[in-house]
Amino acid sequence: MSKGPEPLSAPPGETPTDPLAHIAGALFRPMGADGVYARTALYELVAERLERYITGQRDAQAEILRFPPVMSRQQLEKSGYLKNFPNLLGCVCALRGSEAAIHAVVDRHGAGEDWTGSLTASDLVLSPAACYPVYPMVAERGRIPSGGLLFDVEADVFRHEPSRNLDRLQSFRMREFVRIGSPQEIQDFREGWMTRASALAAELGLPCSLEVASDPFFGRVGQVIAVSQRQQALKFELLIPYHTEATPTACMSFNDHREHFSQLWAIHDERGKLAHTGCVAFGIDRLTVALFAVHGLDLEKWPPPTRLALAM
Ligand code: ATP
Ligand code: ZN
Ligand code: MG
């Protein structure tokens, strides 16, 4: 049996002196684009154990949904993503027209010319976060029951932010617990998770801090929105330094959307009041890289509590 390709000679990792460069070759294989990597068996073993560990933390009431990497363009537009993060969005495009017209486009490529100008947008986008499809789905069902709703969702997501850094991928896995309910229920959910997340990181042997954060809203107007988001403390992040000198990486986020999504989709409680929504996001790939960066490539040498938590 073939051992597969050799580790990357120039591994993804910012510079040759990047302290993560030594692990990159064992975890990833290049696929010809920055921030898009094939994942090795070693990497996937840990990612799978991490997913199971997160599943172990799930509330029994949660409804489980797994989404494909694409979603309705119209739904994402309505969610406000195009307005807030147009620079990060990836849209699915396709060739349309008669057989002859499509052949003509393909022939242009054959002649070494650009063919992509003939693409037209389809009704799909690449999902930029796992929770967007939940809100219209819930709205379709009518008023939410008392006590609210809880979901466990996951998707392969895309963000157009090419980078050579191992913690900034273009295509990565996002797992989320999503809560829909009263303002108090969202607050309790988010605060409960912020307390728990630090305990989970400690169990996994990962140093961390919790900090107020903002989303990268686009442009100058976006900066104003980001300041307001921070002032209202609507987003927190769990930050993990990959090595001693590293700028800490946001590996989880805790988001209070207030009535943003419920207003857009008309999500009401039993008495007809607008619901609130919130979500806790686990960056599966950032957390997996964090485990290798902090504990090394030899799983046998990982701290016993970490091995126990991950059932290794
Ligand atoms: P950052 O500030 O680092 O760009 P973010 O605020 O965009 O992060 P969220 O939108 O809250 O992150 O996404 C949820 C989680 O998804 C993050 O906590 C992180 O773990 C993960 N994530 C976000 N962007 C990336 C990326 N480019 N590559 C890998 N994981 C990511
Ligand atoms: Zn979310
Ligand atoms: Mg970001």
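Just so you know, all these numbers are worked out from the coordinates, no wet-lab data involved. No experiment lies behind these values; they were computed from the predicted model shown. Positions of Cβ are backbone-derived with ideal geometry, glycine not excepted, and every protein chain shown enters the neighbour counts.
Structure notes:
- Ascending count of other beta-carbon atoms within 10 Å, so fewest first, for 53, 37: 53, 37
- Calculated on C-alpha atoms, the gyration radius of the range 136-182 divided by its Kirkwood radius gives an Rg/Rh of 1.18.
- Two-decimal log10 I(q)/I(0) for the chain, as the Debye equation yields it once each C-alpha is a single scatterer, q = 0.10, 0.11, 0.15 Å⁻¹: -0.65, -0.77, -1.29
- With θ taken as phi - 60° and the Karplus curve 6.51 cos²θ - 1.76 cosθ + 1.60 applied, the whole-hertz 3J(HN,Hα) list for the range 236-251 is 10, 10, 9, 9, 10, x, 6, 7, 4, 8, 6, 5, x, 9, 6, 9 Hz, x standing for glycine and proline.
- Theoretical gain in end-to-end length, residue 120 to residue 55 [0.36 nm per residue, Cα-Cα removed]: 19.5 nm
- Per residue, the convex hull around the alpha carbon atoms of the range 165-312 comes to 140 Å³.
- Cβ-based exposure ranking for 71, 194, 31, in which fewest neighbours within 10 Å come first: 31, 194, 71
- Residue order for 285, 156, 188, 114, fewest other beta carbons within 10 angstrom first, comes to 114, 188, 156, 285.
- The modelled label-to-label distance between residue 228 and residue 198, using points 7 Å beyond Cα along the C-beta direction, is 3.0 nm.
- Rg over Rh for the range 237-298 works out to 1.27, using Cα positions for both radii and the Kirkwood form for Rh.
- Convex hull of the range 146-237 built on C-alpha atoms - directionally averaged projected area, nm²: 7.9 nm²
- Separation of the residue 62 and residue 211 label points, Cα + 7 Å toward Cβ, nm: 2.7 nm
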